[in-house]
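Asker: Quick one: this structure, given as C-alpha cells, is what I'll be asking you about.
A short reminder: the numbers here are calculations on the coordinates, not readings from a lab. Just so we're clear, the structure is a prediction, and the values are computed from it rather than from any experiment. Here Cβ is always computed from backbone atoms with ideal geometry, including for glycine, and neighbour counts include all displayed protein chains.
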Amino acid sequence: MPRSYREWVIERLLIAAAMVSVVIIAFIIITIFRTGLPLIAEVGLFDFLFGMHWRPGHEIFGIFPMMIGTLLVTLLSMLISVPLGVLAAMFLAEVAPDVIRNILRPVIELLAGIPSVVYGFVGVIVLVPFIRTYFGPPGFSLLAGSIVLAIMALPIIITISEDAIHAVPKSYKEASFALGATHWQTIKNVILPAARSGILAGVVLGSGRAIGETMAAIMVLGNIPAIPDSVLDPIRTLTANVALEMGYAPHGPHRQALFATGIVLFVAISILVVISNRLRRGQQL
C-alpha cells in the first residue's frame, strides 16, 4: 500500500473519530434541551432558578437550594484542595528528589483512577461517623462532602499545576538565580507568577469535577434540598437531585424538570471549560 494512501486513510479515520465525538455531544445537547426547555418556559426561568421549594408531587420545581448547595460544596472543596494541590505540585516540580517524585506521581495517578463510589464508600464508613462523633449529628453534611470532593479534585489540580510549572522556561529560573535569589524566592516570585494561568486552569477543571460529581455526593451529603445553616447541615446538589429522582420520574413535568436541571449543569460546566481553555492559553477572561 503506498505511503500517501495510508496517510489518506489514517487522516480520514481520525476525522471520522472526531466527527463521532461531535455527533454524540450534539445528541446530548439536543436531548436535554428539547426535554428541559418546555418546563423552563412553563414555570419561568426566574421561578425555576430561584424557587425555594422542590416538590415534584405538587409540580413545584425550584432548584435554588440545590444551586446553593452545589456552589457551597464546590467552594469549600476548592478551599481545601487548591492550597494542598498547588503546594504538592510545587514540591513535585521543584523540590522532591527523583526517588520521591517517582513514587508520588503513580500514587496521584492512582487517585485519579479510583471510582467515585469508592471515595463515597470510604466517606460513609470513616468520615461521616467521625464528623457525627466529634462535631455532632447527622454526619452526612456539607463538610463531609467538601472533604471527599476535595480529595477527588486533588489529582487534577496537582497534575495540571505541575505541568504548568514545568512549562516555565528554564531561563527564568536561571536569571533569578543569577540575580542572587534563593530557590524559594525564585519559586515565589518567578515560577508561580509565570505558571499562574496554567494553575488557574487546573483549579477551574477541579471545580468542574466537584460540580459534576454524583455518586460520592449522594453517599455523604445527606440529600436534603434545603439551604444549610452551617457546614454540618445536609444538602443536596444538582447532580445528586437528577440521579436520585430520575428513576421514578419516567415522564411528565417531573422528568422535564430533571432535564432542565441538566441544562443548568451543562451551561455551568461549559462556562468552566471555556474559562479553563482561555487560562491555559494565557488569554485574558
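Asker: Hey, what number do you get for the chain at 222 nm if only DSSP H runs of n ≥ 4 count, each worth -39500 (n - 2.57), divided across all residues, to the nearest 500?
Answerer: Working: 13 runs with 202 residues, N = 285.
Theoretical 222 nm ellipticity from helices: -23500 deg cm²/dmol.
Asker: Let me ask something else. Considering the chain as a Gaussian network with a 10 Å cut-off on Cα pairs, which listed residue, L104, L154, L72, attains the greatest mean-square fluctuation?
Answerer: L104
Asker: Between Q256, G136, G212, whose Cα lies farthest towards the positive end of the dipole of the stretch 121-264 when Lys and Arg beta carbons carry +1 and Asp and Glu beta carbons carry -1, centred on the Cα centre?
Answerer: G212
Asker: Follow-up question, since we're still on this one. Given R₀ = 30 Å, what would the calculated FRET efficiency be for M246 paired with V20, taking r from the Cβ atoms and rounding to 0.05? Could the numbers behind the result be given before it?
Answerer: On the way: r = 26 Å, r/R0 = 0.86.
The computed FRET efficiency comes out at 0.70.
Asker: Moving to a separate point now. Provide the packing ranking of 254-263, 15-24, i.e. peptides ordered by the mean count of other C-beta atoms within 10 Å per residue, highest first.
Answerer: Numbers: 254-263: 21.7, 15-24: 9.6.
Highest mean packing first, the order is 254-263, 15-24.
Asker: Among I147, I269, rank each residue by its count of other Cβ atoms within 10 Å, from fewest to most, as a rough exposure measure.
Answerer: Numbers: I147 21, I269 15.
By the 10 Å Cβ count, ascending: I269, I147.
Asker: Apply the a/c threshold of 1.5 to the C-alpha gyration tensor of the stretch 185-240 and tell me whether it is rounded, prolate or oblate. Could you put the intermediate results ahead of the total?
Answerer: On the way: a/c = 4.29, a/b = 2.60, b/c = 1.65.
It is prolate, given that a/c is not under 1.5 and a/b is the larger ratio.
Asker: Which angle from 0 to 90°, rounded to the nearest 10, does the C-alpha axis of helix 252-280 make with the longest principal axis of the chain?
Answerer: Around 10 degrees separate the two axes.
Asker: Going by how many other beta carbons lie within 10 Å of each one, how would you line up R209, R105, R55, fewest first?
Answerer: Working: R209 22, R105 15, R55 11.
Ranked by crowding around the Cβ, least crowded first: R55, R105, R209.
Asker: Moving on. Hey, if you put +1 on the Cβ of every Lys and Arg and -1 on every Asp and Glu Cβ in the stretch 209-285, which of L279, I269, N223 ends up farthest toward the positive end of that dipole?
Answerer: So the residue we want is L279.
Asker: Does the stretch 15-101 come out rounded, prolate or oblate, given a ≥ b ≥ c as the square roots of the eigenvalues of its C-alpha gyration tensor, rounded meaning a/c under 1.5 and, failing that, prolate meaning a/b above b/c? Kindly include the intermediate steps, with their values, before the conclusion.
Answerer: Working: a/c = 5.03, a/b = 1.59, b/c = 3.17.
Oblate, because a/c is 1.5 or more while a/b does not exceed b/c.
Asker: Moving on. Quick check: pseudo-label points 7 Å beyond the Cα along Cα→Cβ at L71 and R101, how many nm apart are they?
Answerer: So the two model labels end up 4.1 nm from each other.
Asker: Sorting S4, S207 on the 10 Å Cβ count, fewest up front, what's the list? Can you show the working numbers first?
Answerer: Details: S4 8, S207 25.
The fewest-first ordering by Cβ neighbours comes to S4, S207.
Asker: Can you bin the chain into rounded, prolate or oblate? Criterion: square roots of the alpha carbon gyration tensor eigenvalues sorted a ≥ b ≥ c, rounded for a/c under 1.5, prolate for a/b above b/c, oblate for the rest.
Answerer: Details: a/c = 2.11, a/b = 1.32, b/c = 1.60.
The shape class here is oblate.
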